[in-house]
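Beneath this line is the structure, given in structure tokens, with notes to follow.
The values are calculated or read from the model by the stated rules, or taken from the named source; none is laboratory data. Computed from a predicted model, the values in this text were never measured in an experiment. Heads up, the Cβs are rebuilt from the backbone with ideal geometry, glycines too, and the neighbour counts pull from every protein chain shown.
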Amino acid sequence: MDKKLRAKKFGMIFAVVMVVAGLLLMYTGNDALVLATEKKEGILTAEQIKVSFDNVGGRLVKEAVQEAQQVKKGDILMVLDSTDVDLSIAKLEAQINQMKAQVKSAGGGVNIAMSQADTNEQQSFRQIDQQRAAVDAAQANYNNANLDYERKQQLFEVGAISRSALDAAQTTLQVSAANVAQQKQLLSKLLGGTVDTGDTDSLNLPTIDLQRQTAANKLNDVEALNQQLKALEIQLKELKVKKEHLTLRAPEDGKIIKILAKEGEMIAPNTPVLLMESSRYYFDIYVSEENIEKYKEGDEIQATSVAGNKKAQGTIRLLTQAPGFADLRMTREKGQADLTSFQMRIYLEPTEGIMPGMTMGVKLR
């Protein structure tokens, strides 16, 4: 009888313990569910940058940094051999200097030709003036010879002079006429087909115009040389830019994680040679579709580190449907397999004491 009472007593105690344990499990389970719903955590990660030489390659001659070294934007990281580029620059600079000399010489030739045309024009004007005077003098001689001939012809008709005297006057008249024609021909040659207006300085002499046109055509040659000079100068700038690219500089502040190339190696263009950790920190959390509508990209949100409880201001930069594993995680946290989870990426402002690898948490609204 005692054994039956004892067994019954133990059975009742066991039942009470099971009920209490069940209640405790329900309470703690609900508390974990609420906690998982209100707070989300993620591992803080730094963006990594693969640094490479921009469109240039060659032999690596200098490593200016070491792994784990902190660098500032613009710091020299690596240097490629610049011997070939230096030689090309020197050669091109010599060509540019030679071309500049040609441009200067050609330009000087144009100025000389223009000046010579002006000088020739003034000389031609003076010659024309002189030839006009010669024509006027020849015409005057002709007029006098003509008067003398007419007078002697009248005297010959009355028998006052001999036939030989009349013939001499006629010969003088003919010579004077020939001289007038000759002087006019010389004047016409000096005018070169230009109509003589009597105002010498207003004349446009074809020979002078031709000289000026020839000089102007040489300006085209000078312009062609200038264009060649500009092309060479552009090539020189490109070479100098290429030389600058042979020196690899830090694109931003950060930390050298891994050096992928060693001194003496041949580096191909755009091949990563350094792995760099940037100062842009972020972490991802996964939010159910029930909560996602409360947030949008660009919203500010406060995060707290698990270690040290340090607070940092963050900004939501990405909201997107999460991959399948996140849905599984959400199911385990909330026991709701029918809800889709969303990935929320939060970038933090630089904060003292917070570094990559730390666990950061946010409280959901």
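Can you confirm whether GLU157 is closer than 30 Å to ASN55 by Cα and of a type outside the set (Val, Ile, Thr)?
Details: closer than 30 Å to ASN55 by Cα: no; of a type outside the set (Val, Ile, Thr): yes.
No.
Go through the residues of the range 122-138 one by one and say whether even a single one is modelled with pLDDT of 90 or more and not aliphatic (A, V, I, L, M). So far as the range 122-138 goes, no, none of its residues is modelled with pLDDT of 90 or more and not aliphatic (A, V, I, L, M). The condition (being in contact (Cβ under 8 Å) with a residue 12 or more places away in the chain and closer than 30 Å to ARG126 by Cα) is satisfied by just one residue among ALA250, ALA215, ALA268: ALA215.
Looking only at residues that are hydrophobic (A, V, I, L, M, F, W, C) and surrounded by 20 or more Cβ atoms within 10 Å (Cβ to Cβ) in the range 262-291, which one is farthest from GLN302 (Cα to Cα)? Lay out the reasoning, then the answer.
First pass over the range 262-291, keeping only residues hydrophobic (A, V, I, L, M, F, W, C): 266-268, 273-276, 283, 285, 287.
Add one more test, that the residue is surrounded by 20 or more Cβ atoms within 10 Å (Cβ to Cβ), and what stays is 267, 273-274, 276, 283, 285, 287.
Numbers: ILE267: 44, VAL273: 36, LEU274: 33, MET276: 27, PHE283: 12, ILE285: 13, VAL287: 16 Å.
Ranking the qualifying residues of the range 262-291, first place goes to ILE267.
Among residues of the range 273-295 that are over 30 Å from LYS62 (Cα atoms), those with a Cβ under 7 angstrom from a residue that is of a type in the set (Ser, Thr, Tyr) and buried (at least 19 other Cβ atoms within 10 Å of the Cβ), sequence gap 6+ or separate chain, pair up as TYR286/SER341; VAL287/SER341; SER288/SER341. Among the residues of the range 101-115, is any surrounded by 13 or more Cβ atoms within 10 Å (Cβ to Cβ) and closer than 22 Å to THR194 by Cα? Looking for residues that are surrounded by 13 or more Cβ atoms within 10 Å (Cβ to Cβ) and closer than 22 Å to THR194 by Cα, one finds at least one in the range 101-115, hence yes.
Taking residues in the range 298-317 that are without any contact (Cβ under 8 Å) to a residue 40 or more places away in the chain and surrounded by 11 or more Cβ atoms within 10 Å (Cβ to Cβ), and partners anywhere that are charged (D, E, K, R) and assigned to a strand (DSSP E or B), the pairs with Cβ atoms closer than 6 Å and at least 6 places apart or on different chains are THR315/GLU300; ARG317/ARG345.
Taking the range 137-152, which residues are surrounded by 15 or more Cβ atoms within 10 Å (Cβ to Cβ) and not small (Gly, Ala, Ser)?
Keep residues of the range 137-152 that are surrounded by 15 or more Cβ atoms within 10 Å (Cβ to Cβ), which gives 138-139, 141-142, 145-146, 148-149, 152.
Answer for the range 137-152, where residues must be surrounded by 15 or more Cβ atoms within 10 Å (Cβ to Cβ) and not small (Gly, Ala, Ser): GLN139, ASN141, TYR142, ASN146, ASP148, TYR149, LYS152.
Across the range 231-245, the number of residues qualifying as within 23 Å of ILE76 (Cα to Cα) and among the β-branched types (Val, Ile, Thr) comes to 1. Keeping to the range 44-91, report how many residues are surrounded by fewer than 17 Cβ atoms within 10 Å (Cβ to Cβ), of a type in the set (A, V, I, L, M) and more than 25 Å from the chain's Cα centre (by Cα). So the count comes out to 3.
Within the range 177-194, does at least one residue satisfy the condition of being on the phi < 0 side of the Ramachandran plot, part of a loop (DSSP other than H, G, I, E, B) and exposed (fewer than 13 other Cβ atoms within 10 Å of the Cβ)?
no
Residues that are of a type in the set (Ser, Thr, Tyr) and either at pLDDT 85 or above or under 21 Å from LYS363 (Cα atoms) (or both): list the strands (runs of 3 or more DSSP E) wholly contained in the range 253-353 that include at least 1 such residues. Walk me through how you get there before you give the answer.
On the way: elements: 254-259, 272-288, 300-305, 311-321, 341-348.
Once the strands (runs of 3 or more DSSP E) in the range 253-353 are filtered for at least 1 residues that are of a type in the set (Ser, Thr, Tyr) and either at pLDDT 85 or above or under 21 Å from LYS363 (Cα atoms) (or both), what remains is 272-288, 300-305, 311-321, 341-348.
Of the residues making up the range 48-73, those that are under 17 Å from ILE257 (Cα atoms) and part of a loop (DSSP other than H, G, I, E, B) are ALA64, VAL65, GLN66, GLU67, ALA68, GLN69, LYS72, LYS73.
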